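I have placed the structure first, in the form of structure tokens, so that the comments after it can refer back to it.
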Number of protein chains: 2
Amino acid sequence: MDAALDALRDALPDLRLLTDASELEHYGRDWTRRWTPAPCAIALPASVDEVVGIVHWAREHQIALVPSGGRTGLSGGAVAANGEVVISLERMNKVLAFDPVDRMLTVQAGIPLQLVQEAACAQGLQYPVDFAARGSCSIGGNIATNAGGIRVLRYGNTREWIAGLTVVTGAGEVLHLNKGLVKNSSGYDLRQLIIGAEGTLGIVVEAMLKLTAPPPPTQVMLLALPDFDAVLSAFSALRDGLRLEAFEFFTDVALKHVLAHGGQQPFDEDHPFYAVVEYAHESEADEVAALSLFEQGLESGWALDGVIAGSDAQAAQLWRLREGITESLARYTPYKNDVALRISALPAFLHEAERLIAEEYPQFEVVWFGHIGDGNLHINVLKPDDLPQADFLRDCERVTKLLAGLLARHGGSISAEHGIGLVKKPYLIGTRTAEEVAVMQGIKRVLDPDDIMNPGKIFD
Amino acid sequence: MDAALDALRDALPDLRLLTDASELEHYGRDWTRRWTPAPCAIALPASVDEVVGIVHWAREHQIALVPSGGRTGLSGGAVAANGEVVISLERMNKVLAFDPVDRMLTVQAGIPLQLVQEAACAQGLQYPVDFAARGSCSIGGNIATNAGGIRVLRYGNTREWIAGLTVVTGAGEVLHLNKGLVKNSSGYDLRQLIIGAEGTLGIVVEAMLKLTAPPPPTQVMLLALPDFDAVLSAFSALRDGLRLEAFEFFTDVALKHVLAHGGQQPFDEDHPFYAVVEYAHESEADEVAALSLFEQGLESGWALDGVIAGSDAQAAQLWRLREGITESLARYTPYKNDVALRISALPAFLHEAERLIAEEYPQFEVVWFGHIGDGNLHINVLKPDDLPQADFLRDCERVTKLLAGLLARHGGSISAEHGIGLVKKPYLIGTRTAEEVAVMQGIKRVLDPDDIMNPGKIFD
């Protein structure tokens, strides 16, 4: 291995290469914290040419590469636990161009999401993909998992905002895909194949991002709701009557954890479910519509209580009740499920899933939240302090297998937005068929003939 | 061949199979009319099982298949000129399901676009992809070319509206891709690979289509403009100040041809360029904004004249000036270019392309029109009546080669929405690199190991 690394140093004398134990540990893990990081080195290229050089070297020496962005992933997609070389894009983090006519921002893949949002904002536009890890995650990682988040309902996933990609494939070829075109019917859209491929086909080094007009003025409402059916009824009623920007739900258990970290109890009483709703508020008529819908909700029983933010500060407070959940659970090293269904399949699924979880997890606290308008539920299982991690994981994986079966029966997916990585790999079959996985493997062989690009992620 | 067809009849006794010469000619061509149809038979399956049976038979007998929808394509993607079996989906043309919660329509792939639009409308929703061939083209063909049309500016291409696909691959496997999910990060999105693949990887047999809320009330304006720069200035100004639903331009030559088929001259004088603009008109303020922008245009010189529709009938009349172009040119068997650029690249490209075309086509009439807001230009060259078709084609192909070079230099695409098929195959390199084409060929081998799915289309 040392000889191989020496060859890399010879081939790319300016490449920054780290091999200190603390660096290997830092760059070898993501937010899953389940695997022991064990890369052999960390490469920090500063140019596309250096990335190409690394890939050619890796092919020659048959060394696996793990592309690395902000390592905020929750499925182990960026974990390096088998002597790989991590390619961190953190030095390739610049805005390369902005075009006001195309409304397009060209960036290096290592740029954090938040800096993309700010660069768009500085131009009077927005990049609308958004989620809580915005400050740490990189756009390259967002592309690798087709990241979703809290605005998908209105703006779609990352996929919709990628007008062009520069990719270094596992064969070491540089492909400039789609080149920022709105329309381009010239053969297979390889850009789409790269998006969501979790770095198993190549490394995204640059991206052309579509921007759009800023959102309208909005209002934020918090609703208290009696049960899952009410969450769905509220969503349907509000979607039909308002222009929704976001509709996020969570349970009383989630709220309890957030409030334990500070913040104010929103209602006098506890309620089983809550929804944060953000909607366009461009005129008095929008407010009248919102109030009227809320009153309908009280009458027909899907709403128990509600509050509308009286100021931007209060709107931010209401949002924190939802956005603070992940952080508030972190100390319980939660086991995360990130499932997706068609919205129409949610009622039947939820009833069965609630029963399954009550039966199988009687000893664990379970926190539900998510993006009901996209059919995306996050089910977090909290580890009791006194239970060893290995025992907890074993139990969770047993139940995840049952959950995966339930999902398959309801036409759902084991991963809505986190990706498959290592964590969900055992459950991929069910969401995807063996035939589909075989096609994926075949495609990987085309773009990555030596299987050096993030091998063992998604599938073996 | 007869023995092979007998084997097909034996394997699928209920399959409707046509071999009459007139049927072979009818089903073997598309709107290009450039190749002599020569399929060996036309299969009209009525079920997914029959499609699977045909593919297994074709693999066994090594017979090429040409998937066939409405055959309104302009790139020869549905041409069968080499003894293939055409699989027409015209009997698989039903709406299978509608779900109001998911806002999703599930259809068989042979259904015409217009029936999809009507089915959506009947549910109080819309399927927003739209173009002039709506009555004849099929949704499967739309998917095969990622069809665009006149609403892309606002709603995107066909790709954005496909929530799920059922595909029979060239290997004869039935894949149910994405299953209608909004979020699904579970490995490669093979659905995206099939969209735009022109039937070279498999046959789309069913699709789950997203629907959306109907468009707002709109207003239609026709502008007279002095030159290409003015067309772009008008687009930028109106995009920033109005909510555009469509922005389509055409030249005086196009208008002359449309008016020769009837219709009313919109202005007292002739002008070099025209634009049909449709924009949301929800309140008085929208109208004030539109008029103010138009006045700005008069002052700064990008607008020469304008008219706003006073009624739905007049709006339809204005639209006919744009939508009637293709039909009005049909008798000249035009040679069609369908190019795309980034909008920001249009000014420089247009100046060079205008010069190129004036120099190279002095003897031909050239008609420009298209979707400027998507960077998509249609350049139609009309055949003089007295010039033999072969001579005309030879001249057009010589110029297309020059145009392709110009496009490559400006980062454009030789096909915006028509696809590559047979017509644009010689010019694919330039828009795509040899490395990209090699990746496409490798992917085709994975999904279509015997090269029976529309072989020779897009690439060899």
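Listed values, structure above:
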{"item": "Rounded Å value of the spacing that divides the Cα centres of the stretch B:207-246 and the stretch A:137-157", "result": "28 Å"}
{"item": "Inter-copy label distances at B:Arg91 (7 Å, Cα→Cβ; nm, one decimal)", "result": "6.4"}
{"item": "Three-way shape label, the stretch B:389-460, alpha-carbon gyration tensor, a/c 1.5", "result": "oblate"}
{"item": "Separation of the B:Asp451 and A:Leu387 label points, Cα + 7 Å toward Cβ, nm", "result": "5.7 nm"}
{"item": "Mean residue ellipticity (222 nm) of chain A, computed from DSSP H runs ≥ 4 via -39,500 (n - 2.57), nearest 500", "result": "-11000 deg cm²/dmol"}
{"item": "Theoretical FRET efficiency, 1/(1+(r/R0)^6), r = Cβ-Cβ of B:Glu354 and A:Glu284, R0 51 Å, to 0.05", "result": "0.50"}
{"item": "Inter-copy separations for A:Gln265, label at 7 Å along Cα-Cβ, nm, ascending", "result": "7.9"}
{"item": "Given charges at beta-carbon only (K, R positive; D, E negative), |dipole| of the stretch A:333-418 in Debye", "result": "320 debye"}
{"item": "Cross-link reach list, lysines versus B:Lys336, counting only Cα pairs under 24 Å and skipping chain neighbours closer than eight places", "result": "A:Lys179, A:Lys183, B:Lys256, B:Lys383, B:Lys401, B:Lys424, B:Lys425, B:Lys457"}
{"item": "Residue-averaged beta-carbon neighbours from other chains (10 angstrom radius) around A:194-207", "result": "2"}
{"item": "Per-residue mean of C-beta atoms belonging to partner chains within 10 Å, peptide A:370-379", "result": "2"}
{"item": "Spin-label model distance (nm) - B:Val101 vs A:Ala132, 7 Å beyond Cα toward Cβ", "result": "2.7 nm"}
{"item": "Ascending list, in nanometres, of distances separating the A:Met1 label from those of the other copies (7 Å, Cα toward Cβ)", "result": "6.3"}
{"item": "Dipole-positive endmost among A:Leu65, A:Pro112, A:Gly297 within the protein assembly as shown (Cβ charges, Cα centre)", "result": "A:Leu65"}
{"item": "Leading residue at positive end of dipole, chain A (Cβ point charges), from A:Pro426, A:Leu382, A:Val258", "result": "A:Pro426"}
{"item": "Cα gyration tensor, the stretch A:215-320 - rounded (a/c under 1.5), prolate or oblate", "result": "oblate"}
{"item": "Within-15-Å neighbourhood charge of A:Leu318 [Cβ basis; K, R +1; D, E -1]", "result": "-4"}
{"item": "The stretch A:1-147, dipole about Cα centre (Lys/Arg Cβ +1, Asp/Glu Cβ -1), debye to the nearest 20", "result": "480 debye"}
{"item": "Distance (nanometres) between label positions extended 7 Å along Cα→Cβ at A:Gln363 and B:Gln265", "result": "9.0 nm"}
{"item": "Sorted by Cβ neighbour density within 10 Å, fewest at the top, the residues A:His351, A:His257", "result": "A:His351, A:His257"}
{"item": "Excluding exposed DSSP-loop GluC sites (Glu not before Pro) (at most 16 other C-beta within 10 Å), longest clean stretch of chain A", "result": "A:1-268"}
{"item": "Formal net charge of residues neighbouring B:Leu74 (Cβ-Cβ distance under 13 Å; K, R +1; D, E -1)", "result": "+2"}
{"item": "Whole-angstrom gap from the stretch A:357-417 to the stretch A:264-278, using each part's C-alpha centre", "result": "23 Å"}
{"item": "The stretch B:378-460 - charge dipole about Cα centre, Lys and Arg +1 at Cβ, Asp and Glu -1, debye rounded to 20", "result": "240 debye"}
{"item": "Kyte-Doolittle mean at least -1.0 and Cα axial length at least 27 Å: DSSP H helices in chain B", "result": "B:389-409"}
{"item": "Global geometry of chain B, whether rounded, prolate or oblate, following the gyration tensor of its Cα atoms and the 1.5 cut on a/c", "result": "prolate"}
{"item": "Ordering of A:107-114, B:73-80 by burial proxy (mean other Cβ atoms within 10 Å per residue, highest first)", "result": "B:73-80, A:107-114"}
{"item": "Relative contact order computed over chain A (Cα-Cα under 8 Å; 6+ residues apart), in percent", "result": "16 percent"}
{"item": "Positive minus negative residues near B:Lys336 (Lys, Arg vs Asp, Glu; Cβ under 13 Å)", "result": "0"}
{"item": "For B:431-443, mean number of other protein chain Cβ atoms within 10 Å", "result": "5"}
{"item": "Other-chain or far-sequence residues with amide H under 5 Å of A:Asp305's (modelled H)", "result": "A:Ala224"}
{"item": "Where rotation carries A onto B, the chain A residue whose Cβ is nearest that axis, in whole Å", "result": "A:Gln192, 2"}
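Computed from the coordinates by the stated procedures, all read-outs in this text should not be read as laboratory data. Predicted, not measured: the structure shown is a model, and the values here were computed from it. Quick reminder, even Gly has a Cβ in these numbers, built from the backbone with ideal geometry, and neighbours come from all protein chains shown.
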